[in-house]
Amino acid sequence: MNKKIIALIVAIVVIAVGVGFWFINSNKEESSTNSNTNPAENQNSNEQQEENTKDNDNGTTNDKKVAIIYFSATGTTKKVAGYIKNATNGDLIEIVPKEKYTDSDLNYGNDNSRVNKEQNDSKARPAISNNINTDSYDVIYLGYPIWWGDVPKIILTFLDNHNLDGKTIIPFCTSGSTGISGSLSTLKNYNKNVNWIDGKRFSSSATEDEVKNWVNGLKY
C-alpha cells in the first residue's frame, strides 16, 4: 500500500479518536455542571423548608403571642404554669404579691387568717409588687389556686390594673377537689370585654402530659 495512503488513514483515525474524546469530555462537563448546580439549589430549598418547620415548632410563625400569667402561694399552680410554658413556648410571668402569703395566712381553719378575711371582703385587692406588661400578648393563660371556691382576690387586682379588653384569656386553676366553674363565673362577670375560654382545673398531682394534652386540644 502506498505510504501516503497509509499516512492519510492514520491521520483520519487520530482525528476521529480525538473528536470522540472531545465529545465524551464535553458531555461529562455538562453533566458535572448540572450536578453541581442542582444540589445547591435543592440544599437551599431544603434549608429554607427546615427553617420554616423550625419556626412553626417554636410558635414564631403565624402564631399569636402567648403569656402564662399566674399567682401561686404554695408552688402548685407554678408547676402547672411551667408545663403550659413548655407546651406553648409562651412567656412565663408570675403575679408576685407585695406581702407574701405565709403558712399562717393560708390557715383556712382560722377565721381571722389573712386569706379568710380577704376572701370574705368583696373590696379586698391585695397589692402586686411586680410590673406586668400585657400589651403585646394576644392570648393569656391565667393561673391561680382556688380559694373558698373562687379566685384569690389578687387576681382581681391584676384585672383591675390591666386593660385586657379584646384579648383571649384561658383560666387554669389548681385545687384539692373544687372545680373551676365558680371562679370562671367570677372572671366572666368581672370583665365582659374579654374573650374568656372555659379553662381547666388541675390537681397537685397533674402530670406534664396531662397539661400538654389539654393545651394542644385548645389549639391556641
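For Trp196, the amide hydrogen comes within under 5 Å of the amide hydrogens of Ile169, counting only partners 5 or more places away or on other chains and with H modelled in the peptide plane.
Amide H contacts for Lys65 (H built 1.01 Å from N in the peptide plane; partners 5 or more residues away or on another chain; cut-off under 5 Å): Asp138, Val139.
Given a cut-off of under 8 Å on Cα pairs at least six residues apart, what relative contact order in percent is computed for region 66-218? Intermediate results must be reported in sequence, preceding the final value.
Working: 258 pairs, mean separation 37.7, N = 153.
Result for region 66-218 is 25 percent.
Here the 3J(HN,Hα) profile of region 163-174, calculated from phi with Karplus coefficients 6.51, -1.76 and 1.60 at θ = phi - 60°, is 8, 10, 4, x, 7, 8, 10, 10, x, 9, 9, 10 Hz, Gly and Pro shown as x. Pairs exceeding 28 Å between alpha-carbon atoms, taken from Lys79/Lys219; Lys64/Lys188; Lys85/Lys123; Lys117/Lys200; Lys65/Lys100: Lys85/Lys123; Lys65/Lys100.
Between Asn193 and Asn161, what's the calculated FRET efficiency when r is the beta-carbon distance and R0 is 22 Å? Round to 0.05.
Values: r = 15 Å, r/R0 = 0.70.
The computed FRET efficiency comes out at 0.90.
With contacts taken as Cα pairs under 8 Å at a separation of at least 6 residues, region 156-220 carries a relative contact order of 39 percent.
Close amide H partners of Ser204, meaning residues 5 or more places away or on another chain with modelled amide H under 5 Å apart, are Ser175.
Using the Karplus relation 6.51 cos²θ - 1.76 cosθ + 1.60 with θ = phi - 60°, the per-residue 3J(HN,Hα) values for region 75-92 come to x, 5, 5, 4, 4, 5, 4, x, 5, 5, 4, 4, 7, 10, 6, x, 7, 9 Hz, with x marking Gly and Pro. If the segment from Tyr108 to Asn133 were pulled out straight at 0.36 nm per residue, it would be longer than the present Cα-Cα gap by 5.8 nm. Note that region 150-161 has calculated 3J(HN,Hα) couplings of 9, 6, x, 4, 5, 5, 5, 4, 4, 5, 5, 8 Hz, one per residue in order, obtained from phi through the Karplus relation 6.51 cos²θ - 1.76 cosθ + 1.60 (θ = phi - 60°); glycine and proline are x.
We did not get these values from a lab; they are worked out from the coordinates using the rules stated. All values derive from a computational prediction rather than experimental measurement. Here Cβ is always computed from backbone atoms with ideal geometry, including for glycine, and neighbour counts include all displayed protein chains.
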